[in-house]
Every structure is written in C-alpha cells, then in structure tokens.
Amino acid sequence: EALAAAGVAPCGLGARDTLRLEAGMNLYGSDMDEQTLPLEAGLGWTIAWEPVERDFIGRPVLDARRGADGNRRFVGLVLRDRGILRDHQRLFSGDREIGGITSGGFSPTLERSIALARVDSGCPESCEVEIRGRRLEVQVVRPPFARNGRAVVKID
C-alpha cells in the first residue's frame with residue numbers, strides 16, 4: 001500500500017515470471033521439485049561439495065550421480081522462428097525425443113521467445129520444439145538470457 005501511495009504501478013505474476021525467466025532462475029514446481037536432482041536443475045553450484053568428508057542428507061546419491069553420463073542437463077532455449085515456448089512442450093533431435101520445456105515465455109529484452117528445459121546429456125546446440133504439431137528450431141544456450149536489462153546470450 002505504501003508503494004502504491006508513492007506512485008509505484010502494480011505488477012503481477014506475469015512480470016515476475018518474465019523477469020525470473022530472463023534471469024535463468026528456477027521456479028519450484030516447474031523447473032525443480034522434490035523428484036528432480038539439483039544436478040539436473042542447474043543447481044549443482046549451490047551444493048557445498050567441500051570438504052569431501054562433509055556429510056549431508058542425499059550426499060551419497062548426489063556423489064554417485066555427479067558427472068554421470070546419464071544426467072539430464074538444464075539449458076536455456078531461444079526460439080529461432082515466430083511462436084511462444086511454453087512448459088511441457090517436447091524437444092526433438094531428428095526423430096528422437098530428447099527432453100521438454102519446464103518454463104517458457106516471451107522475452108521483452110531479447111524480443112524472442114525463450115525457455116528453460118531439461119534435456120538428455122547429448123543434446124546438440126540446436127534442436128526442435130513441437131508446437132501445435134509443427135516442429136520449430138530452437139538454439140540451446142546457457143542461462144541467464146539477460147542481465148541488467150541487456151541480452152547476455154549470443155543468438156545465432
């Protein structure tokens with residue numbers, strides 16, 4: 001109420017979602033949950049691996065999966081065509097399904113549709129997303145997409 005009284009315009013969840021998506025930040029329930037290892041949600045950097053003798057709940061599982069070939073990767077996507085990337089859209093490399101979008105939307109900073117996705121470890125630098133029965137090309141990038149109002153990903 002104090003902000004509104006000071007003249008600050010309200011914004012909703014759409015604005016929050018756009019900002020966190022451009023920043024490459026996870027949303028609980030979409031990009032991460034209790035069934036997803038932090039290693040597969042792009043959150044391996046949050047784990048205090050050192051000292052090696054430090055014990056915590058889940059460490060044996062994480063140690064066994066750390067660096068394993070079968071781990072899925074958490075990546076950013078930029079749509080090269082017109083359209084909007086949304087959660088639950090499937091990703092393909094040729095005829096093989098390689099993953100799915102966990103969060104997606106339009107990026108005002110990049111003026112393109114962007115997404116966060118979980119993909120197989122062998123995902124190429126470019127793949128296809130299925131939108132309404134059509135396959136469209138997406139570029140695989142490393143999040144974040146934007147920082148301080150400027151694009152930080154190189155779009156081919």
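Which of (1) under 20 Å from Glu22 (Cβ atoms); (2) open to solvent by less than 70 Å² (accessible area, probe 1.4 Å); (3) out of contact with any Asp or Glu (no Cβ under 8 Å at 6 or more places or on another chain) is the odd one out, the single condition Leu62 does not satisfy?
Here Leu62 clears every test but (1).
Condition check ((1) touching a Ser or Thr at 6+ places or on another chain (Cβ under 7 Å); (2) under 22 Å from Leu21 (Cα atoms); (3) at pLDDT 95 or above) across all residues:
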position	(1), (2), (3)
Asn71	yes, no, no
Phe74	no, yes, yes
Ser93	no, no, yes
Gly100	no, yes, yes
Gly104	yes, yes, yes
Gly122	no, no, no
Glu128	no, yes, yes
Val140	yes, yes, yes
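Give just the number: which of (1) touching a helix residue (DSSP H, G or I) at 6+ places or on another chain (Cβ under 9 Å); (2) open to solvent by less than 20 Å² (accessible area, probe 1.4 Å) does Val75 not satisfy?
It is condition (1) that Val75 fails.
Go over the candidates Leu21, Leu39 one by one and state the one that is in contact (Cβ under 8 Å) with a residue 60 or more places away in the chain and open to solvent by less than 50 Å² (accessible area, probe 1.4 Å). Lay out the reasoning, then the answer.
Working: Leu39 fails: in contact (Cβ under 8 Å) with a residue 60 or more places away in the chain.
Among Leu21, Leu39, only Leu21 is in contact (Cβ under 8 Å) with a residue 60 or more places away in the chain and open to solvent by less than 50 Å² (accessible area, probe 1.4 Å).
Give me the pairs: first residue in region 84-110 and of a type in the set (Phe, Trp, Tyr), second residue crowded, with 21+ Cβ neighbours inside 10 Å, beta-carbon distance under 6 Å, and six or more apart or on different chains, which are they?
Cβ pairs passing all conditions: Phe106/Ser113.
Let me spell it out: the conditions are (1) surrounded by 10 or more Cβ atoms within 10 Å (Cβ to Cβ); (2) touching a residue at least 24 places away in the same chain (Cβ under 8 Å), and Asp69 meets all of them except one. Which number is the exception?
If we test Asp69 against (1) surrounded by 10 or more Cβ atoms within 10 Å (Cβ to Cβ); (2) touching a residue at least 24 places away in the same chain (Cβ under 8 Å), just (1) comes out false.
Which of the residues spanning region 142-155 are among the charged types (D, E, K, R) and touching a residue at least 40 places away in the same chain (Cβ under 8 Å)?
Going residue by residue through region 142-155, those that are among the charged types (D, E, K, R) are 142, 147, 150, 154.
Passing the criteria: Arg142, Arg147, Arg150.
The values are calculated or read from the model by the stated rules, or taken from the named source; none is laboratory data. Treat the numbers as computed from the prediction; the structure is a model and nothing was measured. Cβ coordinates were reconstructed from backbone atoms using ideal geometry, including for glycine residues, and neighbour counts include every protein chain displayed. Surface areas here come from the heavy atoms of the whole protein model, side chains and all, with no ligands, DNA or RNA. Shrake-Rupley method; radii C 1.70, N 1.55, O 1.52, S 1.80 Å.
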